[in-house]
Amino acid sequence: MTQAAGEKSYSKRQKTVNIVIYVILAVMAVIWLLPIVWLVITSFSDQMGPSASFIPKKWTFNNYVRLITDESFPYWRWFLNTLFVAIVSCVISTLFVLMTSYTLSRLRFKWRKKFLNIGLILGMFPGFMSMAAIYAIIEWIGLSQSLFALILVYCAGAAMGFQISKGFFDTISHSLDEAATIDGANKNTIFWKIILPLSKPILVYTALTTFISPWVDFIFVSYIMKDNKDNYTVAFGLQQMLERENNAKYYTTFFAGSVIVALPITLLFIKMQKYYVEGVTGGAVKG
């Protein structure tokens, strides 16, 4: 009877703990979702400037229409600029990261450990610390205020983010490489035809992270583009709507633009979430 009473008491305590955890998670979810809900609701407000009301008095699609029709802020040009830079940077950066990661995972060469340590240390420093030097180099090679300058900036240091993908490749059995080598395959063939097809989770994870970075970047765009309005990306272009002289007229239009630019990356992440998680946790063939 004593044991049964103890088990019953433990079961009650466990249920109480679970309820408390669920309540905490629910509160955190509301806190996290509230700004997003507010952003979406405000994008349909009929008022142009800031409002003290959470719920709009009148609902309208005018803010979304203005994004298309207002020539003062060429939103769709900025959107296409962002899409172009993000896609090109994603493809190049993903290749750089995966090839570097596989090399560091499989090959043994002099200075390998030191290179790993240097890469880890450099990754601790934020990229914007080198903005002045980067801009000087870009201006020297004649790419100032161009979209290709942004692509160069995003891709140049991409390979330094090899840590997670290298850890993933470490979990793939080396026996696959050995068997392929016995059959006459070289390292290049092994990587492209054997290892990479087995690495869909880390491929998706790397592609998502390298796509998101230029998609949301504000700092480098503002430093490189300066006043070249036609080559702005969405992140920097939308910020111009909140300047003092534009805030009263484009405040709610800014929210509409934010909703549109958030949709592609949100849908992409939802679609690829399974592979994203597997890429982080390392769901590969182990040996």
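The values are calculated or read from the model by the stated rules, or taken from the named source; none is laboratory data. Quick caveat, the model's predicted, so the values are computed rather than measured. Don't worry about glycine lacking a Cβ; one is built from the backbone with ideal geometry, like all the others, and counts go over all protein chains shown.
Would you tally the residues in region 122-153 being within 21 Å of ILE219 (Cβ to Cβ) and assigned to a loop (DSSP other than H, G, I, E, B)?
Step one: filter region 122-153 for residues within 21 Å of ILE219 (Cβ to Cβ), giving 122-141, 143-153.
Okay, now just the ones that are also assigned to a loop (DSSP other than H, G, I, E, B), so 123-126, 141, 143-146.
Number of matching residues: 9.
Only one residue in PHE162, PHE169 is over 20 Å from THR233 (Cα atoms), among the aromatic types (Phe, Trp, Tyr) and at pLDDT below 85. Which one? It would help to see each step written out before you state the result.
Details: PHE169 fails: at pLDDT below 85.
After ruling out the rest, the residue left standing is PHE162.
Condition check: surrounded by 16 or more Cβ atoms within 10 Å (Cβ to Cβ), small (Gly, Ala, Ser) and on the phi < 0 side of the Ramachandran plot. Does ALA235 satisfy that?
On the way: surrounded by 16 or more Cβ atoms within 10 Å (Cβ to Cβ): yes; small (Gly, Ala, Ser): yes; on the phi < 0 side of the Ramachandran plot: yes.
Yes.
Could you tell me whether VAL97 is surrounded by 17 or more Cβ atoms within 10 Å (Cβ to Cβ) and within 26 Å of PRO201 (Cβ to Cβ)? Break it down stepwise before answering.
On the way: surrounded by 17 or more Cβ atoms within 10 Å (Cβ to Cβ): yes; within 26 Å of PRO201 (Cβ to Cβ): yes.
Judged against the criteria, VAL97 is a match.
Within region 79-100, which residues are polar (S, T, N, Q) and under 30 Å from ALA262 (Cα atoms)? Spell out the reasoning first.
Of all residues in region 79-100, those polar (S, T, N, Q) come to 81-82, 89, 93-94, 100.
Passing the criteria: ASN81, THR82, SER89, SER93, THR94.
Identify, please: which residue in region 165-188 is closer than 21 Å to VAL91 by Cα and in contact with a helix residue (DSSP H, G or I) (Cβ under 7 Å, 6 or more places away or on another chain) and is, among those, surrounded by the fewest Cβ atoms within 10 Å (Cβ to Cβ)?
If we take residues in region 165-188 being closer than 21 Å to VAL91 by Cα and in contact with a helix residue (DSSP H, G or I) (Cβ under 7 Å, 6 or more places away or on another chain), then LYS166 is surrounded by the fewest Cβ atoms within 10 Å (Cβ to Cβ).
Could you list, in sequence order, all residues of region 154-164 that are in a helix (DSSP H, G or I) and surrounded by fewer than 20 Cβ atoms within 10 Å (Cβ to Cβ)?
So in region 154-164, the residues in a helix (DSSP H, G or I) come out as 154-156, 158-160, 163-164.
Correct list: ALA156, ALA159, MET160, GLN163, ILE164.
Could you list, ordered by first residue, the pairs with Cβ atoms under 7 Å in which the first is in region 211-231 and more than 12 Å from GLY127 (Cβ to Cβ) and the second is of a type in the set (Lys, Arg) and modelled with pLDDT of 85 or more, at least 6 apart or interchain?
From region 211-231, the pairs are ASP230/ARG77.
Consider TYR275 carefully, then state whether it is among the hydroxyl-bearing types (Ser, Thr, Tyr), at pLDDT below 85 and more than 30 Å from PHE73 (Cα to Cα). Write out each step before concluding.
Values: among the hydroxyl-bearing types (Ser, Thr, Tyr): yes; at pLDDT below 85: yes; more than 30 Å from PHE73 (Cα to Cα): yes.
When the stated conditions are applied, TYR275 passes them.
Here is a yes/no grid of residues against (1) free of Cβ contacts under 8 Å to residues at least 40 places away in the same chain; (2) not small (Gly, Ala, Ser):
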site	(1), (2)
ILE55	yes, yes
TYR75	no, yes
PHE79	no, yes
THR82	no, yes
ILE87	no, yes
LEU95	yes, yes
SER101	no, no
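If you go through region 239-268, how many residues are of a type in the set (Gly, Ala, Ser) and at pLDDT below 85?
So the answer is 1.
For ASP217, only one of the following conditions fails: (1) of a type in the set (Asp, Glu); (2) surrounded by 15 or more Cβ atoms within 10 Å (Cβ to Cβ); (3) modelled with pLDDT under 85. What is its number?
For ASP217, the failing item is (3).
Taking the criterion of being loosely packed, with under 10 Cβ neighbours inside 10 Å and at pLDDT 80 or above, would at least one residue in region 32-46 satisfy it? Step through it out loud before you land on a result.
If we filter region 32-46 for residues that are loosely packed, with under 10 Cβ neighbours inside 10 Å, which is where we start, we get 32, 35.
Within this subset, residues satisfying the condition of being at pLDDT 80 or above are 32, 35.
Yes: region 32-46 contains one or more residues that are loosely packed, with under 10 Cβ neighbours inside 10 Å and at pLDDT 80 or above.
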